[in-house]
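Right, one structure below, let's go through it.
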Amino acid sequence: MLNGREIHCSTARASIKKYGLSIRGLEIYPPLFLAPMAGLTHSALRTTILACGGVGLLSTEMLAAWRLPDENVDISPYLARTAEEYPLSYQLLLNDAALVEPAMQVLRRLQADAVDINLGCSAPRVRRAGGGSGLLATPRVLRAIIRRARKATDGPLSAKIRLGDGRKETLQPLCQMLGDEGLDMLCIHARLQKESFSRKPRWAHIAEIKQWLDIPIIANGGVDSVRSAQACFEQSQADGIMIGRAAACKPWIFAQIAKALFQDTTVCLEYEKPLLYASFCQGIQERFRPERRLGRLKEFTHYFATNYTFGHYLASRVQASRNMQQAVRHALHFFSVHDPTGYRQLQEQKGQWISSCVQGG
Ligand SMILES: Cc1cc2nc3c(=O)[nH]c(=O)nc-3n(C[C@H](O)[C@H](O)[C@H](O)COP(=O)(O)O)c2cc1C
């Protein structure tokens with residue numbers, strides 16, 4: 001159990017308090033992080049997670065630095081953010097050191113609470129552009145990027161990597177360079193570069209990396225329950241854990257882990273799934289333009305539907321929908337049949353919203 005385990009660590013840039021982290025003045029408690037996920041970790045999912053609580057640091061999806069200065073902050077679904085989404089780390093996708101300063105300027109204007117650099121994404125189009133894990137092939141460019149990013153912000157700066165090709169000879173110099181250039185924190189997705197997300201994560205490998213660096217290490221990959229969170233903490237010896245897909249399946253997962261491992265009593269575990277789904281829908285209806293809504297609802301539903309035995313009905317009906325209104329109607333019908341208790345609560349608490357969706361308002 002983490003209960004009672006006091007963590008002592010202090011470096012020039014960060015101190016790790018009992019159960020939490022303080023990085024350049026940013027308090028992260030509990031040390032449970034939302035992973036950046038393209039198409040998923042936007043404002044609507046973040047506020048749905050916050051309704052349950054237990055998350056220490058939120059994240060945007062990856063933001064291409066070459067597009068960021070041209071994004072219209074007032075309508076961009078990537079940049080939409082409400083005041084309650086705090087603290088929020090913005091993840092940058094970079095492929096050229098010249099892009100760092102203009103991108104950081106935008107993030108300063110947006111009052112980013114922390115900045116993360118994507119060094120792990122191996123999607124072919126990202127690698128082809130020389131970003132994500134593609135940057136590891138050009139160490140000089142990578143070092144210049146980290147150096148300029150460090151110069152451009154006094155706030156928390158992290159990077160997210162995978163375990164590379166698994167060889168210490170390549171991974172250790174990379175990690176040490178990142179530490180030497182002034183990163184405050186390193187998030188590690190515990191899979192090799194080419195491994196699929198279905199492979200068992202290598203949490204114990206992170207414990208080895210922790211020996212090489214004196215900055216907080218955050219472990220990521222395969223955490224989807226209190227039990228796996230505990231196992232991940234124990235095997236990785238990490239200072240925090242980061243959760244990706246399970247946050248879209250179960251937005252309450254941070255609350256469960258925070259309560260079980262950190263005795264966080266501020267969390268809300270009295271959720272009904274249809275209510276959380278509705279809160280997500282309202283988030284996208286309120287904050288995104290009509291043409292930006294349906295795709296995001298489909299992406300989220302793909303994960304959320306796994307909570308139900310017959311969830312594939314929900315996922316496939318939403319997937320086949322031609323517009324947001326049709327998708328929401330299908331979802332409401334699904335909940336009325338497969339989750340009648342949750343649906344009743346939804347009717348009690350958001351009756352007006354249901355009417356407006358059903359009547360097409
Ligand atoms: C749909 C999707 C989008 C993702 N987008 C990003 C991204 O924008 N930046 C990033 O660093 N990792 C991205 N990832 C990887 C996740 O951050 C995380 O490392 C991975 O899902 C493993 O964690 P998990 O097992 O908790 O899901 C993405 C993963 C998924 C499934």
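The values are calculated or read from the model by the stated rules, or taken from the named source; none is laboratory data. Computed from a predicted structure; not experimentally measured. Note that each Cβ is placed from the backbone with ideal geometry, even for glycine, and that neighbours are counted across all protein chains shown.
Identify, please: which residue in the range 35-54 is hydrophobic (A, V, I, L, M, F, W, C) and within 9 Å of the ligand (Cβ to nearest atom) and is, among those, surrounded by the fewest Cβ atoms within 10 Å (Cβ to Cβ)? So that I can check it myself, show each step before the final result.
Pass one, the range 35-54, residues hydrophobic (A, V, I, L, M, F, W, C): 35, 37-38, 40, 44-45, 49-52.
The next check asks that each one be within 9 Å of the ligand (Cβ to nearest atom); those that pass are 35, 37-38, 40.
Working: A35: 24, M37: 20, A38: 18, L40: 21.
Result: A38.
Screening the candidates L57, L68 for the property of being buried (at least 17 other Cβ atoms within 10 Å of the Cβ) and touching a Phe, Trp or Tyr at 6+ places or on another chain (Cβ under 6 Å) yields one hit, L57. Total residues in the range 218-245 satisfying the condition of being under 19 Å from C121 (Cβ atoms) and surrounded by fewer than 21 Cβ atoms within 10 Å (Cβ to Cβ): the figure is 1.
Within the range 272-297, residues that are acidic (D, E) reach partners that are surrounded by fewer than 22 Cβ atoms within 10 Å (Cβ to Cβ) with beta carbons closer than 8 Å, at six or more positions or on different chains, in the pairs E272/D339; E272/T341; E272/G342; E272/Q345. Here the range 77-97 is the region considered, the condition is being small (G, A, S) and more than 23 Å from H189 (Cα to Cα), and the residue that is farthest from the ligand (Cβ to nearest atom) is A83.
Working carefully through the options A278, A231, A207, find the one that is away from the ligand (no atom under 16 Å from the Cβ), small (G, A, S), assigned by TED's automatic domain parsing to the domain that holds D165 and over 16 Å from the mean Cα position of the chain (by Cα).
Working: A278 fails: assigned by TED's automatic domain parsing to the domain that holds D165; A231 fails: away from the ligand (no atom under 16 Å from the Cβ).
On inspection, the qualifying residue turns out to be A207.
Does F310 qualify as being under 25 Å from S76 (Cα atoms), at pLDDT 95 or above and not assigned by TED's automatic domain parsing to the domain that holds L45? So F310 fails the test. A single member of R287, R317 is crowded, with 17+ Cβ neighbours inside 10 Å and touching a His at 6+ places or on another chain (Cβ under 6 Å), and it is R317.
The number of residues in the range 323-346 that are free of Cβ contacts under 8 Å to residues at least 24 places away in the same chain and surrounded by fewer than 17 Cβ atoms within 10 Å (Cβ to Cβ) comes to 6.
Taking I243 as meeting all but one of (1) more than 22 Å from R81 (Cβ to Cβ); (2) within 16 Å of the ligand (Cβ to nearest atom), write down the number of the exception. Looking at each condition in turn, I243 falls short on (1).
Residues that are crowded, with 23+ Cβ neighbours inside 10 Å and within 16 Å of the ligand (Cβ to nearest atom) number at least 3 in the following helices (runs of 4 or more DSSP H) confined to the range 98-199: 139-152.
Restricting to the range 6-62, give me the number of residues that are basic (K, R) and at pLDDT 95 or above.
Residues of the range 6-62 basic (K, R): 13, 17-18, 24, 46.
Keeping just the survivors that are at pLDDT 95 or above gives 24, 46.
Residues flagged as basic (K, R) and at pLDDT 95 or above within the range 6-62 amount to 2.
When E299 is tested against (1) among the acidic types (D, E); (2) within 17 Å of the chain's Cα centre (by Cα); (3) assigned to a loop (DSSP other than H, G, I, E, B), just one condition goes unmet, and that condition is (3). When S89 is tested against (1) over 11 Å from the mean Cα position of the chain (by Cα); (2) not in a loop (DSSP other than H, G, I, E, B), just one condition goes unmet, and that condition is (1). Restricting the search to the range 262-303, which residues are hydroxyl-bearing (S, T, Y), modelled with pLDDT under 95 and over 19 Å from W353 (Cβ atoms)? Selection gives T265, T266. Contact map, the range 18-37: first residue part of a loop (DSSP other than H, G, I, E, B), second residue among the hydrophobic types (A, V, I, L, M, F, W, C) and away from the ligand (no atom under 11 Å from the Cβ), Cβ cut-off under 6 Å, separation 6 or more or different chains; pairs are Y19/F262; P30/A258; P30/F262; P31/L21.
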